[in-house]
Amino acid sequence: MSVRKHRVFVTRQIPERGLQIIEDRFETEVWADLAPPSKQVIVEKAAKVDALASLLTDKIDSEVFDAAPNLKIVAQFAVGYDNIDVREATRRGIFVTNTPGVLTETTADFAWALLMAVARRVVKADNYIRSGHWEVGWHPTMILGRDIYRATLGIVGLGRIGAAVARRAKGFNMKILYYDVMQNPDLEKELGLKFTDLDTLLRKADFVSIHVPLMKETHHLIDERRLKLMKKKAFLVNNSRGLVVDEKALYKALRGGNIAGAAMDVFEQEPIALDNPLLTLDNVVVAPHISSASVETRSRMAEMVAENLVEFFGGKIPPNLVNRDVLEVRKPG
Ligand code: GLV
């Protein structure tokens, strides 16, 4: 049996190492534009394939599944998969996979890049020089930031990425609080973490870093009431999903001086509109959803997408299966 009989639509040009494997094994079509395919395009392409290699910008829901009688697997190029209606996929016997693990350290690094950039005003400092403002030489009160060393870090969501962020915080001698739906006594011991409820964490932390997946329960988890609990000198860092934070409430908190600053790699709407008021604030650092964007990690993610497809069509349970319940509905392959 040649596996090449299976057809795959890859919704964007993913790094070569993974794409090559997919192209070698499957009849492959790749969406070549930088911009995502429209919903209509996804529906049309899905109608003709056995597999989708999807990105977090692609909404994969009943409309897609209805049009795709042969679709057996959606292999997501991301750890988060809130863009996929997994329940519906499971019900229809469609496998869903993601790319966990490989991007943990890269994403944790970027949470720290954001945290340090906003605390020490790195973007402001860079702009300051480039725009010709550095005229008076060194000055004792020029571009003052806040200390990170020995401050209190509050981690919201102690999954792989949250834990990797905590590990780095040890080097900064920080006091580390965390909140999660599940307590993790082993990590508490290993890293000296303290579990608290979310409201207490927000009251006590100097830096709050968010690492929860987007779900019904985490939508606007950080809302107006919770932002009000934070210290005036505290910073919010988010590189999970934009919708975990109520952006309008965040703007109000930043504008009103309720919190000191925020750094985000993710937004309620992506790309963020240029007239979003958050972009008018200079205590905000922003990035265009690039937390896992290192050469090595993106390449490895593409390989994982390929591995999931190859294993699945080889009749095996794909290594990064998200919906194990699907095995009760259908066998791999
Ligand atoms: C990126 O946001 C991911 O979920 O991998």
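The values are calculated or read from the model by the stated rules, or taken from the named source; none is laboratory data. Worth saying up front: this structure is predicted, and the values here are computed from it rather than measured. Please note: Cβ atoms are built from the backbone with ideal geometry, for glycine as well, and neighbour counts cover all protein chains shown. Surface areas here come from the heavy atoms of the whole protein model, side chains and all, with no ligands, DNA or RNA. Shrake-Rupley method; radii C 1.70, N 1.55, O 1.52, S 1.80 Å.
Can you pull the one-decimal nm distance between simple spin-label points at Val136 and Lys233, each 7 Å off the Cα toward Cβ?
The modelled label-to-label distance comes out at 2.3 nm.
Which distance in Å, rounded to a whole number, links the C-alpha centroids of segment 39-99 and segment 111-175?
38 Å
Name the lysines eligible as straight-distance cross-link partners of Lys232: C-alpha to C-alpha under 26 Å, and not fewer than 8 places from it in the same chain.
Cα-Cα hits under 26 Å: Lys124, Lys170, Lys175, Lys194, Lys204, Lys248, Lys252.
Per residue, how many Å² of accessible area does segment 258-333 show with a 1.4 Å probe?
Value returned for segment 258-333: 48 Å² of accessible area per residue.
For Lys59 and Arg87, what does the FRET efficiency come to when R0 = 22 Å and r is the distance between their Cβ atoms, rounded to the nearest 0.05?
Result of the calculation: an efficiency of 0.90.
How many nm separate the modelled label positions at Arg120 and Asp325, each set 7 Å beyond the Cα in the direction of the Cβ?
Calculated label separation equals 4.7 nm.
Using a probe of 1.4 angstrom, how much of the accessible area of segment 104-286 is carbon and sulfur, in percent?
After summing per-atom areas, the C and S share lands at 54 percent.
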